[in-house]
Amino acid sequence: MTEMKLFDYQKDMAMRIEKAFRLYRSVMAQMPTGTGKTVVLASVVESFLWEHPLKSVWIVAHRRELVSQIQETIERVFSNRLAEKEDGSSDNLIEKPLDSSLFTLRSSLIKAMSIQWLARHYDEIGEEPGMIVIDEAHHALAKTYKEMWDRFPKAKFLGLTATPCRLNGKGFIDLFDVLVQSWSVPEFISKGRLATYDFVSIKSNGVTQRLIDSLQKRGADGDYQNKEMDMLLNKRPSIERLYRSFEEYGKDRKGIVYAINISHAKKIMELYQEHGIKAVAIDSKTPVAERQADIEAFKKGEIQVLVNVDIFSEGFDCPDVEFVQLARPTLSLAKYLQMVGRGLRVAKGKKNCVIVDNVGLYRVFGLPSQVWNWKATFEGRLKYSRRKETPKERDFFLMYGKQETMPVGQGSEMMMVMSHEELMQSLRYREFVDCNDDFAIVKLPDGKMTVVNRQGEQVLEPGNYYDMKFLRGNILSYRPRRKTVCYYDLLARFLIDEDIHAKDAPEVITINEWEFVVYNGLYRSRTYEDFVLPYRPLQNDLLNRGYYLIYHNDFSVGSGCQVWYYYEGGDGLMRKDYTESKDVCFLRNDYEHVYWLCANLCGDGIVVMDSKQDYYLVDSNLKKTYIGCNNPKNEKEDLKVVMPRLGKKFYHEMMLQKKEMEANEMLLLHEKSEAGHVELYQAGKKWGVKVDGKVIVPPLYHSIAQPVGAYCAFEEIPRHWGVMTLKGKVIVDARYEKVEIHDNGIAMVTNITGKTQAIKLK
């Protein structure tokens, strides 16, 4: 028998599985996609047959394609044996056709089959297996799988999967007794066993994300309904956006695109081919020989892009895949990790993988290197689905994707979430002691303890601490050597007090959605620069603007902060007030400084002054830009020069943004109208418009014509027609006897005298 070469982690995993079988009949093993679980399978099978030479092993997969993959792996392990076909003739395993649903070794000790084949042939197999191995075992809740446990009560069961979770949240403890876990994805990446990646995703305010957010229907499996996805996303504009992002991030890379359905895959392929890309589309209906030829051509580099429909989410082995493009929305964590996992395999000459997330799955599940609490999902205690908040039960992970702070490409709807350089920087592994949602207590190699945030940055000087624990609101309690309890604000990185008793522990309170720390009867801002409020502020004392908070301090004297405001009707002109600012300003996620508000700019921006009397422009992404000071050395720092220019710039940018937003709304509505989401409805004798079941235009009109693109004609009173957008904005007054809207954005209107003219709507 040929000796198998296993990596250390594979040997460890095989040993732990075998150890688990000494205590349990049924074992589920979890290993991330791309880490060689099929090789571990073969090792466990070999050990079982060595110990039980008279018993057989069945390997069951949920698709015929996976049977072929298992066949090839087993053949490599048992290369000195020959296969036995069902007709009794012999042939090498590797030459068996890909659509085979069953193969056996001549000794008949090992059989690999699809679950569909097994369900039809139970009565024809005159034996009871000693072990049944279930590949991709997260599918094993189906009735066809449960039947095996009932038919073979003496057999051992081994389930292999990268993702022990189900969309419905059900666990696996009714089938498997215990879960054996391998390393996490961050560990595999940091040790070079999985590839690093660049992760690019669509922006939250883009057309594509908003289309996906409007998906409401669910299929039988609880995932998005295929028909609705097709209706919204299988359109030329959406597919063109796919190609633009491919051209920007993956044009020179070999990769896989995951499509919604066969029609979607073919349209993607055709558009990519139009641009000179060697692309093919593969699906379940592609003839086996053609599919195999395309796969081989892809592996050789003769084809650059494989567009597929659920074919390569599981069981596809091509390590040199350099990009993965997600064009199919899903609510299934398993599908997501299986898809991105195709790009995380390591290969000679491969530096990293680019994951292009065109459907916003990053906002549903996070990044691929997140650490998941598989034990909780295995037990059915934790359901992963689309949600805004991070599940409390989820394991802490050091790698945390930066939110939308790194937009890439002018006018692109894409943003860089995480580069491979940032990923490696964030994967410094430490021993965990405790964690909450934002921080982890870790022990360093020298035995000292500290606290790190999700980026892996230390927020506390390492030391020999005792009884370190988290209190509510990210307050840390600990004992330094030979001292009593200390309390530390992890957000402000501020030592609140030393040598105080636990009963005097600081309390975090929220007023108007903003946090303050209460200790010793004082109300303190969560900033390193100390600001103590003279009394408990009321809701109305604090003005919350989302990314900043204003506290009007009537008791302040001599803040030194200038106040600037817009001159009404001045087209962006600003004036300086003769009084100093009394508005204390706190910036969201700025736990260091306290500011004074200088000015509110049009659109997206404020001007603040810090404790050094330096002025900064701050936008809603909390980007701070120095603009001047109270003692300027030149005109560039003089607010008398800077503020009028800045005010006018922001005013005109706001006007441009307003126009762009209106254009985006029109584009969105146009695509949705083409998808059939616009509905005319009647209430009494009046007509209105619904989009996605929501009333957009109330029933105000005598009649409304069927929409054409993003517009529709309406009759306000009999024989008085006009044109409005699908948001109800009237762009042509209702004073024409007849209106016809054309696809090119032109409306032909006829007045009461019979004169016809063209009006451009865009």
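The values are calculated or read from the model by the stated rules, or taken from the named source; none is laboratory data. This one's a predicted model, so the numbers in the text were calculated from it and none came from an experiment. All Cβ positions, even for glycine, are placed from backbone atoms using ideal geometry, and neighbour counts span all protein chains on display.
Quick notes on this structure:
- Of residues in the stretch 727-751 being crowded, with 19+ Cβ neighbours inside 10 Å and among the small types (Gly, Ala, Ser), the one nearest to LYS694 (Cα to Cα): ALA734
- Enumeration of residues in the stretch 286-314 that are of a type in the set (D, E, K, R), in contact with a helix residue (DSSP H, G or I) (Cβ under 9 Å, 6 or more places away or on another chain) and either over 21 Å from GLN338 (Cα atoms) or buried (at least 23 other Cβ atoms within 10 Å of the Cβ) (or both): GLU302, GLU314
- Test: residue in the stretch 425-445 that is at pLDDT 90 or above and touching a Pro at 6+ places or on another chain (Cβ under 6 Å): no
Every residue, every condition in (1) small (Gly, Ala, Ser); (2) within 30 Å of LYS227 (Cα to Cα); (3) in contact with a Ser or Thr (Cβ under 9 Å, 6 or more places away or on another chain), yes or no:
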{"position": "MET654", "(1), (2), (3)": "no, no, no"}
{"position": "HIS677", "(1), (2), (3)": "no, yes, yes"}
{"position": "LEU680", "(1), (2), (3)": "no, yes, no"}
{"position": "ALA683", "(1), (2), (3)": "yes, yes, no"}
{"position": "GLU715", "(1), (2), (3)": "no, no, yes"}
{"position": "ARG719", "(1), (2), (3)": "no, no, no"}
{"position": "GLY728", "(1), (2), (3)": "yes, yes, no"}
{"position": "ARG735", "(1), (2), (3)": "no, no, no"}
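- Residues of the stretch 143-171 satisfying the condition of being β-branched (Val, Ile, Thr) and surrounded by fewer than 19 Cβ atoms within 10 Å (Cβ to Cβ): THR144
- Looking only at the stretch 614-663, residues that are among the small types (Gly, Ala, Ser) and at pLDDT below 90 come to 2 in all.
- Residues of the stretch 514-530 classified as under 22 Å from LEU622 (Cβ atoms) and at pLDDT below 90, total: 1
- Hits in the stretch 442-482 - residues which are in a strand (DSSP E or B) and in contact with a Ser or Thr (Cβ under 8 Å, 6 or more places away or on another chain): VAL442, GLN458, GLY463, ASP467, MET468, LYS469, PHE470, LEU471
- When VAL697 is tested against (1) without any contact (Cβ under 8 Å) to a residue 40 or more places away in the chain; (2) within 29 Å of LYS217 (Cβ to Cβ); (3) surrounded by fewer than 19 Cβ atoms within 10 Å (Cβ to Cβ), only condition (3) is not met.
- Residue within the stretch 692-703 that is among the charged types (D, E, K, R) and within 30 Å of CYS602 (Cα to Cα) present: no
- Only one of LEU646, LEU622 that is on the phi > 0 side of the Ramachandran plot, hydrophobic (A, V, I, L, M, F, W, C) and not in a strand (DSSP E or B): LEU622
Yes/no per residue for (1) more than 24 Å from the chain's Cα centre (by Cα); (2) without any contact (Cβ under 8 Å) to a residue 12 or more places away in the chain; (3) more than 20 Å from GLU136 (Cβ to Cβ):
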site: GLY255; (1), (2), (3): no, no, yes
site: ASN261; (1), (2), (3): no, no, yes
site: LYS266; (1), (2), (3): yes, no, yes
site: LYS285; (1), (2), (3): yes, no, yes
site: ILE303; (1), (2), (3): yes, no, yes
site: ASP320; (1), (2), (3): no, no, yes
site: PHE323; (1), (2), (3): no, no, yes
site: ARG342; (1), (2), (3): no, no, no
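- Number of positions in the stretch 1-60 that are part of a helix (DSSP H, G or I), farther than 24 Å from LEU118 by Cα and of a type in the set (S, T, N, Q): 2
- Of all residues in the stretch 625-643, those that are assigned to a strand (DSSP E or B) and more than 23 Å from GLY570 (Cα to Cα) total 4.
- Identification of helices (runs of 4 or more DSSP H) wholly contained in the stretch 188-296 with 3 or more residues that are aliphatic (A, V, I, L, M) yields 207-213, 226-233, 262-274.
- Contact annotation: residue pairs with Cβ atoms under 6 Å, 6 or more positions apart or on different chains, pairing a residue in the stretch 464-481 that is assigned by TED's automatic domain parsing to the domain that holds LYS448 with a partner that is in a strand (DSSP E or B) and small (Gly, Ala, Ser), are LYS469/SER477; LEU471/SER477.
- Annotation note: of GLY709, GLY722, GLY688, the sole residue that is in contact with a Pro (Cβ under 7 Å, 6 or more places away or on another chain) and crowded, with 19+ Cβ neighbours inside 10 Å is GLY688.
- Filter result for ILE132 (of a type in the set (Val, Ile, Thr) and either surrounded by fewer than 17 Cβ atoms within 10 Å (Cβ to Cβ) or touching an Asp or Glu at 6+ places or on another chain (Cβ under 8 Å) (or both)): no
- GLU637 passes every criterion in (1) under 25 Å from ALA492 (Cα atoms); (2) surrounded by 14 or more Cβ atoms within 10 Å (Cβ to Cβ) apart from (1).
- From LYS37, LYS5, residue being basic (Lys, Arg), surrounded by 14 or more Cβ atoms within 10 Å (Cβ to Cβ) and at pLDDT below 90: LYS37
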